Amino acid sequence: MPLVGPVIRSLGAPVRDVWPGSVGAPAENGGVPATAQSFSSYLKDALDQINALQREADAASTALVTGDLSDIHRAVIASEKAGLALQLAIEVRNKVIEAYQEIMRMQI
């Protein structure tokens, strides 16, 4: 880890001498590395934000139809925000799946 350590330290992340899952790795958090938990919480937060945008767009559309919202621009903007967020999530998912498939095709 001579080259990886300085790069990780420059990013501000702590460097561990023992990689998670290797022999002698500490069994903190039930053997699950802390980065996996932070990634899962990051992913959950991102999906929650997308869901909130979808709900906001639905509420704006409902308010527009019922006459509670006189400005059509707000409903369109909310709808576009939700659509773009969903498209971004789908593209990120597709890239992750594509990267995983590429890794699985590699020969050892």
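Here is a yes/no grid of residues against (1) at pLDDT 95 or above; (2) among the β-branched types (Val, Ile, Thr); (3) touching a Gly at 6+ places or on another chain (Cβ under 6 Å); (4) exposed (fewer than 11 other Cβ atoms within 10 Å of the Cβ):
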position: Pro2; (1), (2), (3), (4): no, no, no, yes
position: Val18; (1), (2), (3), (4): no, yes, yes, yes
position: Thr62; (1), (2), (3), (4): no, yes, no, no
position: Leu69; (1), (2), (3), (4): no, no, no, no
position: Lys81; (1), (2), (3), (4): yes, no, no, no
position: Lys95; (1), (2), (3), (4): yes, no, no, yes
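Within the range 91-108, the set of residues being of a type outside the set (D, E, K, R), part of a helix (DSSP H, G or I) and over 14 Å from Leu43 (Cβ atoms) comprises Asn94, Ile97, Ala99, Tyr100, Gln101, Ile103, Met104. Each residue in the range 55-75 was checked for being under 17 Å from Leu86 (Cα atoms) and in contact with a Leu (Cβ under 6 Å, 6 or more places away or on another chain), and 1 pass.
The values are calculated or read from the model by the stated rules, or taken from the named source; none is laboratory data. Being a predicted model, the structure only gives us computed values, none of them experimental. Quick reminder, even Gly has a Cβ in these numbers, built from the backbone with ideal geometry, and neighbours come from all protein chains shown.
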